[in-house]
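Below: one structure, written as structure tokens.
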Amino acid sequence: MGANPAGLGFLRASELNLGVAGASTYSHFVKSTNGDGYLDTWPGAFPEFALAYPVGKSPFTLGISFVRDSVLSTDRHYVDPPGGPGGANSYGFLEPESQFSVYRSAAGVGVTLGKHWSIGGDIGLLLNENNLKSPYAFQTQPVLNGDNDLLDLITTGLGVDGRFGVLYSANDDLQFGVSYKSSSRVDSSGDASGDAGAQFALESLPFHYNAEIVDHFPKMVVGGLSWRFHPKWRLALQVDWINWGSSLRELPVSPANGNNSTFNTVAGSSSIQDSTPLNWLDKFVYRGGLEYTISENFLARVGYCYGASPIPTSTLTSLTAAIVENTLTAGLGYHWKKFTLDLAYQWDVPTTRYIATSGLLSGDYSSSSTKVGVHWLALTAGLKF
């Protein structure tokens, strides 16, 4: 249910999986005009769930799941110098925060086609949350473009996507699989409030809007194999192609029904249409792993993943710094009768990117560098019944 729903077809017993995954990010944001800043992220924990149910003696197996599809959370701290986001009037000590999360609930079916083949598909319901508490630089609004106002924005929305997959099992030791995940769109809505006083040399110019954000998520093609080349060893290889370029070209933001008449006059309307360029690039991700059978009940696993960052330097910010490229993993598995327990650790090796001249208006990220690394820990329990 997390990668290829065709795998449901080969399950001949009902199976329940319950898991929890947590992440802790460490990072630094350095800008020549304000010294060394840093990023905090809470060590968040995310529940996961999956259930498979074979339908009698038929070739059909049903599945439902709830998984964390994507999470990015940062809490940045730095001093805003004159000429920074606050313009000539500094905002002082800033603690910008951002959180972007997508959770996917899915229902699917797998079907066996003879001894060697299985196909499957699922439909997913996406819950998307966007939280931003930070200076926001308008990019395309004709009057406000380049202005950097303090913004506190929260939106939520729902979307739908689908996945289809095929598996071929040559024998018990060798399997091949490929899956396709559709692109999707989520229209989220909520509230946006803030203060534009520093930009206009005023003590305060508060505003509030009804906010709308449109998020696009990419289609993906995944192919891989699993090969037990020795009674104690299994090799897994996988390649992902992610179509970031068609989905994250820009981020449209549409605040409406502004309550501050002064700010409405400055903006020329009580509604604002703005869009932040992203220009993400299509990328391949390469994965490999080894599993070793320690004993009848214990397994050990190690893995490596490489995927070049899809974010061009011109639109990179410390609040959306998905820049990690190398990942190392290790894990232990235990199985006893119908019960399994798996513990996994993942280290997203720290990556640093330097921005000489940002392509975003206001120049807040020019002459800056961002360093990001992540520790992950996951525990999953399974039961066949």
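Look at (1) free of Cβ contacts under 8 Å to residues at least 60 places away in the same chain; (2) in contact with a Gly (Cβ under 9 Å, 6 or more places away or on another chain); (3) crowded, with 18+ Cβ neighbours inside 10 Å and you find that Arg287 fails only one, number (1). Elements of the type strands (runs of 3 or more DSSP E) sitting completely within the stretch 206-247 and holding at least 2 residues that are modelled with pLDDT under 95 and touching an Asp or Glu at 6+ places or on another chain (Cβ under 7 Å): these cover 206-217. Residue-level check: of (1) in contact with a strand residue (DSSP E or B) (Cβ under 7 Å, 6 or more places away or on another chain); (2) over 30 Å from Phe200 (Cα atoms); (3) part of a strand (DSSP E or B), His335 misses just (1). Each residue in the stretch 65-118 was checked for being modelled with pLDDT of 80 or more, in contact with a Phe, Trp or Tyr (Cβ under 9 Å, 6 or more places away or on another chain) and not polar (S, T, N, Q), and 13 pass.
In the set Phe164, Phe200, which member is of a type in the set (A, V, I, L, M, F, W, C), touching a helix residue (DSSP H, G or I) at 6+ places or on another chain (Cβ under 9 Å) and within 30 Å of Gln238 (Cβ to Cβ)? Exactly one residue qualifies, and that residue is Phe164. Cβ-Cβ contacts under 8 Å between residues 6 or more apart (or on different chains), taken from a first residue in the stretch 22-36 that is over 15 Å from Ile323 (Cβ atoms) and at pLDDT below 80 to a second residue that is small (Gly, Ala, Ser) and in a loop (DSSP other than H, G, I, E, B), are listed as Lys31/Ser367; Ser32/Ser367; Thr33/Gly83; Thr33/Ser367.
A quick yes/no check of all residues on (1) surrounded by fewer than 17 Cβ atoms within 10 Å (Cβ to Cβ); (2) in contact with a Phe, Trp or Tyr (Cβ under 6 Å, 6 or more places away or on another chain):
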position	(1), (2)
Thr340	no, no
Tyr345	yes, no
Pro350	yes, no
Ser358	no, yes
Ala378	no, no
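In the stretch 360-385, the residue that is farthest from Ser14 (Cα to Cα) out of those that are assigned to a strand (DSSP E or B) and of a type in the set (D, E, K, R) is Lys371. The residues on offer are Leu153, Leu167, Leu158, and the sole one that is buried (at least 20 other Cβ atoms within 10 Å of the Cβ), of a type in the set (A, V, I, L, M, F, W, C), part of a strand (DSSP E or B) and touching a Leu at 6+ places or on another chain (Cβ under 7 Å) is Leu153. The residues of the stretch 189-205 that are buried (at least 20 other Cβ atoms within 10 Å of the Cβ) and not in a loop (DSSP other than H, G, I, E, B), listed by number, are Ala192, Gly194, Ala198, Gln199.
Among the residues of this structure, His216 counts as one that is closer than 28 Å to Tyr136 by Cα and not β-branched (Val, Ile, Thr).
Looking at the stretch 240-265, which of the residues that are of a type in the set (Val, Ile, Thr) and surrounded by 15 or more Cβ atoms within 10 Å (Cβ to Cβ) is farthest from Asn148 (Cα to Cα)? Give the steps one after another, and end with the answer.
In the first step, residues of the stretch 240-265 are kept if they are of a type in the set (Val, Ile, Thr); the result is 242, 253, 262, 265.
Still in the running and surrounded by 15 or more Cβ atoms within 10 Å (Cβ to Cβ): 242, 253.
On the way: Ile242: 32, Val253: 15 Å.
Filtering the stretch 240-265 for residues that are of a type in the set (Val, Ile, Thr) and surrounded by 15 or more Cβ atoms within 10 Å (Cβ to Cβ), the one farthest from Asn148 (Cα to Cα) comes out as Ile242.
The values are calculated or read from the model by the stated rules, or taken from the named source; none is laboratory data. Model, not experiment: these values are computed from the prediction. All Cβ positions, even for glycine, are placed from backbone atoms using ideal geometry, and neighbour counts span all protein chains on display.
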